Each structure stands twice: as C-alpha cells, then as structure tokens.
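Below you'll find the structure, written out as structure tokens, and then a few comments.
The values are calculated or read from the model by the stated rules, or taken from the named source; none is laboratory data. From a predicted model like this one, the values you see are computed outputs, not experimental measurements. Cβ atoms come from the backbone with ideal geometry, glycine included; neighbour counts cover every protein chain shown.
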Amino acid sequence: MGYVRSLRCRECGAEYPPTRLVVCEACFGPLEVAYEFDAVREAFTRDSIARRPGDLWRYRELLPVFDEGAKVDLQPGYTPLRRADNLASELGLRELWVKDDTVNPTSSFKDRPVAVAIAKAREWGLEAVGCASTGNLAAATAAAAAKARLPCYVFTPASLEETKLLLPRIYGATVVPVDGTYDDANRVAILAADRRGWGFVNINLRPYYAEGSKTLLFETWEQLGFELPDVVVTPLGSGLLLTSVDKAIRELKAIGQVNGVSTRLVGTQAAGCAPIVRGFESADGRPRPVKRPDTIAESLAIGDPASGHEAIQIMRRTRGFADAPSDPEIIEAQRLLARTEGVFAEPAGGTTVATLKRALEDGRIDRDERVVLLVTGNGLKAPSVLSASFPPLTPVAPNAAAVDAFLGGIHHG
Amino acid sequence: MVRLVVASPIAVATRGEREIDIEYEGTLGGLFDAVAERYGKEFRQRIFDGEGGLKRFVNVYVDGEDARYLKGLETPVTRDATVDLLPAIAGG
C-alpha cells in the first residue's frame, strides 16, 4: 500500500482500509487519504524530489497510487509559477505569482485529480469511468480515459459552453447532456455510477481524486524555493480544491518540510453562484445552496457544493476570507490578467484576480503579502464570454493608406 | 407504490437494499417513519442527526427535486413518487 495508512473520515475520524469506500460508513462524511508520515518523511526529501521528472508524480509518496503500471502518462502538472510583476504593479502589490494551470494537457487543473482517479480505476480493474462536470473535468476525464483505453461517460448540463461539450466527444467519450443544472447532472450521475459499478472520478473515486489537486500546492511550494506564500487565492466550485490545498499544507507540516508558516487561504466564487461565500458570511458557517446559478463562470456554477462546509471552516481557521465578485468584474479581471501577464484564463481565473483587486482596495489583503493566484483553467475554452466585451472589427483594405487611416495617430517606437 | 432509491454508500441504513417499494402517500417525514418501521431504529440513527433533521451528508430528492428547495420533511410525497437518498457528493 505504499505510504498510505488508511481512509479517514474528515468528520468523525473513523478509519478504514484504503479500498473503494466513497463516504464514511458511520456518518456518511467525506473520506480523505491518511499517510504513514514517518515513512513519507524519509523518502520525500527536497533532494529526491528535485531529481524526478517534471510531472505531478514527483510527489509520489503523498499520492495514493500503489501500482506504477496503473498510471496514465499524459504528464499533467509541474506547470509554470509565473512572477506577475506587471499585474502586481497595476494593482499596487509587492509580490504576486500566478500558478498557471491553463497549460495542462486538457488546459485545466482537472488533469491532476483525474490522473490519480484513473490510476485507481485501473488498479481496481473498473470497466468504465466517467464524471459529473461543469466542463473542465469532462475533458480531463475523457482524455485520460482515452489514453487508458477505458469507455468514458460524462454528465454535464446541456446548456454548457459549446467548446466544453465538444472536447470530451473529441476524446471519444459519451456526453450525457442533462437538461438541468450541474446539480441535476450530478444527481443522475451518482445514480448511474451506482447502478452500473462504473468509476466516476469525482463521485465514487472522490477520496483518491481529491489527492491529485494537492500537487498544485506542492509545486507552488517547490517553485517558491521550498517556501509557502502568505496568501493563496483559489476559485471555489465544490470547495474541494481549497480543502486539497489545505491538506497539502498540513502534510508538508506533518513531515517537517514547513515550520511555523501560516498561509491564509482565500476562496472566490462568482456573485451569481456563491453558496460557499454566503455561508462564510453567515453565523452558522453552512453553505447557502443556490438552486439556479446565474454566472458566466460556468466551471464554478455548483449550487450545492459538497466540500463547502469544510472550505468555510478552513478559510476561517487560516484567517483567510471568501469573496464573490460580479460577472463584469470577472470579465475585466480576465482581460487585465491577459493584457498584463499574457495569461488568458477562463472566468474562474478571473475571479481570483477580481478578488485580489477588491481585497487590496479594502485591506483584506495587505500590499506587502506574498500572494499566489491559482489560475485553474484556460480562457480558450470559454471565448464567447469575452468576445461580447470587444467592439466588432471592421475590415481594413489591403493597402498602406487604409492601414495608416486605421491606425490614425498611433505611434510606437 | 413509492419507490425509494438508496445509493449504495447509504444502503447500510437499509440492510443493503437499494431499491425499496413501499405503499405510502403523505409527507417525506411520514415516509421515513414508514421506512424506519421496516428497517428499525438503525435507519433513523443513520439518516437523522440528533435534532430530528437529516444528516448534513445525506441529500433527499423527491421526483428529482432537492427536498431542501421544497418543504423539507413536510414535502408532499404522492403514491407513485420516486425518492432518492444520496450521499452529499457534488462537484470536483
């Protein structure tokens, strides 16, 4: 079993062998993978990591895959951590970094958790895989399933952006376009996976799937010279990415790689679907489910987020906060990131920039803090969101006079 | 007949049975009383929290609608309704 100790309930602490359990049998709470930290501490050293290939498996002792042959070789992870001095200057911040997960194999961070989940599906010899998805996960699961030669079924809202419905089909998956919200698609996906015994990465493989997202933090830590930042701003869909980032930090501390550092975790959603943010703002700390999400940030449009309560607890514990910018703020932030840093993020990435901007203005983030934005998906998957914010282009005649007239008094160099 | 569909992680509360047909018409709370008669207090202990509400990690859908958006345990259940009892797992 490698370095894995057990599956442990995040709610009641009950422990189970690391098998195909989905939730705690006692309280139905979420399960997470627990490790033998003494053994991990011996093998997970900075020198050994530095010698390994540049993909997410370089952190293998803290990933729950036992059979090397089960891994699918699309090489997700080890994406650039870009120093964003132009954006920092624009916003008035001392040190800003963008963790650029737009460059993963299917252009979002979802390739990371899928890599672990598909490996588990292969270890267990499952006949088919799938997921419920707001778009990015569908493409990631379909691509990994193609490489693993497994049939793949993805359940999505039928109303998704066209590119996000097309991509999984190009990878050979069957798309089940559900006439409803993401939560409707998720409900019927749970029933379908249950009835057929298929492995749905974010449903019945979820405890293992979640582990892959930790690598975003491990890489950030390594790329900052084995240091943690003061603040990490992460988009919130289900909340699972933020809980995974927190788990990664806790594990680095448990094996003695990080001492006495407290990183504030900040979560961001679009105002049109902000069940976790509203829960964070409420006295009881419970997410406020949204029946009909209404936002351009489709990848975050989960009305009933499974990990919302935990995400709220973590944001409070780490002295972070939650924020929900509006769609116009998100669009402006996408454009700002693109024109200052050359990174075109989907709206979820725009939410992180928009929240940073708002938080610098009202003091929730200090200008001297070292901040990392998790930019988790590529804007090319959702281009129509931005096309409406530019005036239409009028063709220019192919001659010098027309070009001079078009450029008018613009002089460069 | 009301059809109660219990996802396998929750089926420890119904002795492993995942599709249960039961003669009933009334409210969701009443339906759970009827189910508890069949499966004993084990069902009630596993599905409900200590304050009479459903556990946070259990989602209930009546004919595809989340009961929290309806009337909770007071949601009407018709004689041919389908009620899904699923773990709270949503999103990646």
>> For a quick check of your reading: which helices (runs of 4 or more DSSP H) sit entirely within segment A:310-413 and have at least 1 residues that are closer than 24 Å to A:THR295 by Cα?
In response: A:327-341, A:347-362, A:384-387
>> Going residue by residue through segment A:86-103, is there one that turns out to be at negative phi, within 14 Å of another protein chain (Cβ to nearest Cβ), part of a helix (DSSP H, G or I) and out of contact with any Asp or Glu (no Cβ under 6 Å at 6 or more places or on another chain)?
In response: yes
> On the given criteria, is A:ILE312 buried (at least 24 other Cβ atoms within 10 Å of the Cβ) and more than 28 Å from A:LEU380 (Cβ to Cβ)?
Replying inline: yes
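Of the residues A:VAL266, A:VAL201, A:VAL231, which is β-branched (Val, Ile, Thr), in the same structural domain as A:GLY130 (by TED's automatic domain parsing) and either over 26 Å from A:ALA139 (Cα atoms) or surrounded by 24 or more Cβ atoms within 10 Å (Cβ to Cβ) (or both)?
A:VAL201
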> Hey, among the residues in segment A:45-79 that are of a type in the set (Gly, Ala, Ser) and in a loop (DSSP other than H, G, I, E, B), which one's nearest to the chain's Cα centre (by Cα)?
Replying inline: A:GLY77
> Being in the same structural domain as A:LEU241 (by TED's automatic domain parsing), touching a Cys at 6+ places or on another chain (Cβ under 9 Å), in contact (Cβ under 8 Å) with a residue 40 or more places away in the chain and surrounded by fewer than 24 Cβ atoms within 10 Å (Cβ to Cβ), is that true of even one residue in segment A:356-370?
Replying inline: no
> Which residues, counting only those in segment A:176-202, are basic (Lys, Arg) and at the interface with chain B (Cβ under 10 Å from one of its Cβ atoms)?
Replying inline: A:ARG187, A:ARG195
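Out of all the residues in segment A:122-136, which are in a loop (DSSP other than H, G, I, E, B) and either facing another protein chain (nearest Cβ under 8 Å) or modelled with pLDDT of 95 or more (or both)?
Step one: list which residues in segment A:122-136 are in a loop (DSSP other than H, G, I, E, B), which gives A:124-128, A:133-135.
Scanning segment A:122-136 gives A:TRP124, A:GLY125, A:LEU126, A:GLU127, A:ALA128, A:SER133, A:THR134.
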> Filter segment B:38-57 for residues that are under 29 Å from A:TYR182 (Cα atoms) and touching a helix residue (DSSP H, G or I) at 6+ places or on another chain (Cβ under 6 Å); which is surrounded by the most Cβ atoms within 10 Å (Cβ to Cβ)?
Replying inline: B:ILE47
>> Which condition from (1) in contact with a helix residue (DSSP H, G or I) (Cβ under 9 Å, 6 or more places away or on another chain); (2) crowded, with 20+ Cβ neighbours inside 10 Å; (3) polar (S, T, N, Q) is the one that A:THR163 breaks?
In response: (2)
>> Looking at segment A:90-105 only, could you name the residues that are touching a strand residue (DSSP E or B) at 6+ places or on another chain (Cβ under 9 Å) and either modelled with pLDDT under 95 or of a type outside the set (A, V, I, L, M, F, W, C) (or both)?
In response: A:ARG94, A:GLU95, A:LYS99, A:ASP100, A:ASP101, A:THR102, A:ASN104
> So, of the residues in segment A:137-160 that are touching a strand residue (DSSP E or B) at 6+ places or on another chain (Cβ under 6 Å) and either within 11 Å of chain B (Cβ to nearest Cβ) or farther than 21 Å from A:ALA382 by Cβ (or both), which turns out to be surrounded by the most Cβ atoms within 10 Å (Cβ to Cβ)?
Replying inline: A:THR141
> Only one residue in A:GLY212, A:GLY239 is in contact (Cβ under 8 Å) with a residue 60 or more places away in the chain, within 14 Å of chain B (Cβ to nearest Cβ) and touching a Lys or Arg at 6+ places or on another chain (Cβ under 6 Å). Which one?
Replying inline: A:GLY212
>> Condition first: among the aliphatic types (A, V, I, L, M), more than 14 Å from chain B (Cβ to nearest Cβ) and either part of a helix (DSSP H, G or I) or surrounded by fewer than 18 Cβ atoms within 10 Å (Cβ to Cβ) (or both). Can you find one or more residues in segment A:294-307 that meet it?
In response: no
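Mind telling me which of the residues B:VAL35, B:VAL77, B:VAL5 ends up being surrounded by 15 or more Cβ atoms within 10 Å (Cβ to Cβ), within 14 Å of chain A (Cβ to nearest Cβ) and of a type outside the set (D, E, K, R)?
B:VAL5
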>> Filter segment A:371-413 down to the residues that are crowded, with 17+ Cβ neighbours inside 10 Å and either of a type in the set (Val, Ile, Thr) or in contact with a strand residue (DSSP E or B) (Cβ under 9 Å, 6 or more places away or on another chain) (or both) and list them by number.
In response: A:VAL371, A:VAL372, A:LEU373, A:LEU374, A:VAL375, A:THR376, A:GLY377, A:ASN378, A:GLY379, A:LYS381, A:VAL385
